[in-house]
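Quick notes on the structure that follows.
The values are calculated or read from the model by the stated rules, or taken from the named source; none is laboratory data. Bear in mind the structure is a predicted one, so any value in this text is a computation, not a measurement. For neighbour counting, all protein chains shown are included, and Cβ atoms are generated from backbone atoms with ideal geometry for every residue, glycine included. These area figures cover heavy atoms from the full protein model, side chains too; ligands, DNA and RNA do not enter into them. Shrake-Rupley method; radii C 1.70, N 1.55, O 1.52, S 1.80 Å.
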Amino acid sequence: MTAKVRFAPSPTGFLHVGNVRTALVNWLFTRKTGGHFLLRIDDTDSERSKSEYIAAIEEDLRWLGLEWDSEVHQSQRFERYRLAAEKLRVQGRLYACYETPEEMDVQRKMLASRGLPPIYNRAALKLTDEQKKKYEAEGRQPHFRFLLNDEEIIWDDLIRSHTHFKATHMSDPVLLREDGVPVYTLASVVDDGELGISHVIRGEDHVSNTAVQVQLYKALGFTVPQFAHMALLKTKEGELSKRLGGNDIRALREAGILPMAINSLLARIGTSDAVETFLNLPALAEGFDFKKFGRAPANYDVAELEKLNEKLLHQLPFAAVKERLASPSPIRGEAGRGAQHGKADSNPPPTGEGTIDENFWLSIRANIKTLSEVRQWWDIVHGDISADLSHDDRAFIRSTIDKLPPEPWNEQTWEQWLTAIKSTTQRKGKELFHPLRLALTGREDGPELKKLLPLLGRDKVVESLSL
């Protein structure tokens, strides 16, 4: 059987690295096995689900190179959930409950005070028809719970191995809210069963959901899929959330982080494989194996991501960045088309005259941490430079102008110029190089001057040295 998986984000916010790790692992598994990757938009919550978030989710996945094979929206499947609920009613597995949130809160506190788990007491099963009519006359609308069978719930998890729960230690889950809207537990099972999902790969925070859903799959006559529950991502601040600044994919894109830097990190943290850079997704998929995943929380460190990004940039050929460097938009438009092949993204277009060519890219790439820094060096080469230099340094700099070799210039020009300067000055080391770099770039670090000099050209160098 061909494996079929689903990534199921709720369109209530932007994707963060925790979401993306789940999407990535699902995608890598299907590409390794020749399976099918379904994007399921969990938009049953009409108040919080937004169309702009759906568009953002799709755009971010494409930018990362995580193309999907099919797509469904839960908001278009309410009739399927209604029919499933009716089937459970007929079986006697779905029952009406009339407790208010306040009453349920009191019940949980009473159980906690006695040191007992907060399990629903099934009081609704004892209600008479008259009592139900009385509640409804008071304006109470029932919510509906799934009646769990008293049995051991067991499955062999692809990451957690043998996993079991006692149904008696769990509450009958709510499947339908008071307004009739199905909750995740029901909708997800119906979708998995009807759409042929063979593997459910998600975070270990869903393990208790899985225990309930195993019974629900069986009650609805569906084949129970295989499960793989990944340990959650952790940061120094604690568990990730959509509100944790700097870890949503949009923020990382805007900061100039490459899609394959994100993919390379998220695919390897929490596994026995070392984190390393990959130029494309197919190469990353080759080494995918659930056996490599550990049970300890996977530590996500944005500093590690930045280092990977820098390493990846230094490897990229000009062909991988050419399109993005010439793009009029750093975020919209062609986002992610080349992500599987290592193409870069998220770079503001350069200012100044001309177009970035391969020579410029190869000259500066070893000194940038994000693609957005290309613009800074383009402006340095083509714009005006302001340097804070002492009177003595300025006098020294002006004295070097007549030592400049004639054009054409190449990487040997810098040494030729230095040799000529050294013959007429007592300066050496930092005292010699530092003022020259400041005068030419306005910065104390950056690409080697032997590479920058030909990019600047003689006229620009003379102009900078004369200021």
With every protein chain kept in place and a 1.4 Å probe, region 45-104 has an accessible area per residue in Å² of 52 Å²
With DNA, RNA and ligands ignored, accessible area of I269 (1.4 Å probe; Å², nearest 10): 10 Å²
Within the set of other residues whose C-beta is less than 14 Å from the C-beta of T441, count the net charge using Lys and Arg as +1 and Asp and Glu as -1. -3
So, for the Cα atoms of region 34-84, Rg and Dmax in Å stand at 12.7, 37
Stretchable slack from D69 to K292, in nm (0.36 nm times residue separation minus alpha-carbon distance): 77.7 nm
Label point distance in nm, R458-R122, each placed 7 Å from Cα along Cα→Cβ: 9.4 nm
As I understand it, the value is the acute angle between the Cα axis of helix 207-219 and the longest principal axis of the Cα atoms of the chain; what does it come to in degrees, rounded to 10? 50 degrees
Pull up all non-local amide H partners of G203: gap of 5 or more, or a different chain, and H-to-H distance under 5 Å with H placed in the peptide plane. M230
quick shape note, the chain: Cα extents on principal axes in Å, largest first -> 106, 46, 38
Under the rule of -39500 (n - 2.57) per DSSP H run of 4 or more residues, summed and divided by the residues of the chain, what mean residue ellipticity at 222 nm is obtained, to the nearest 500 deg cm²/dmol? -13000 deg cm²/dmol
Starting from the Cα-Cα distance between D157 and R114, subtract it from 0.36 nm times their residue separation and give me the gain in nm to one decimal. 12.1 nm
Could you work out the percent of alpha carbon pairs in region 1-155 separated by over 26 Å, rounded to a whole number? 53 percent
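Would you mind putting 149-156, 355-362 in packing order, based on average other-beta-carbon counts within 10 Å, highest first?
On the way: 149-156: 12.0, 355-362: 15.6.
Those peptides, ordered most packed to least, come out 355-362, 149-156.
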Expressed as a whole percentage, what fraction of the accessible surface of region 26-83 belongs to carbon and sulfur atoms when a 1.4 Å probe is rolled over the protein heavy atoms? 45 percent
Among 216-224, 114-122, how do they line up from the highest to the lowest mean number of other beta-carbon atoms within 10 Å? 216-224, 114-122
Helix 449-466 against the longest principal axis of the chain: what's the angle in degrees, Cα atoms only, rounded to the nearest 10? 60 degrees
The chain - percent relative contact order, Cα under 8 Å, separation 6 or more: 14 percent
XL table K236/K307; K109/K132; K50/K236; K32/K292; K236/K292; K32/K291; Cα-Cα > 19 Å flagged, in table order, is K109/K132; K50/K236; K236/K292
Between the modelled labels at E276 and L195 (7 Å from Cα along Cα→Cβ) the distance in nm is 3.5 nm
Just to be sure I understand the model, the point goes 7 Å from the Cα along the line to the Cβ. What's the resulting Q76 to R177 distance in nm? 2.2 nm
What is the calculated FRET efficiency for Q416 to K307, with r their C-beta to C-beta distance and R₀ = 25 Å, to the nearest 0.05? 0.10
What ranking, highest mean first, results for peptides 31-37, 107-113 when packing means the other Cβ atoms within 10 Å averaged over each residue? 31-37, 107-113
Could you tell me how far the Cα centroid of region 412-467 sits from the Cα centroid of region 5-56, in Å? 52 Å
So the angle from the long Cα axis of helix 78-91 to the longest Cα principal axis of the chain, reported in degrees to the nearest 10, equals 30 degrees
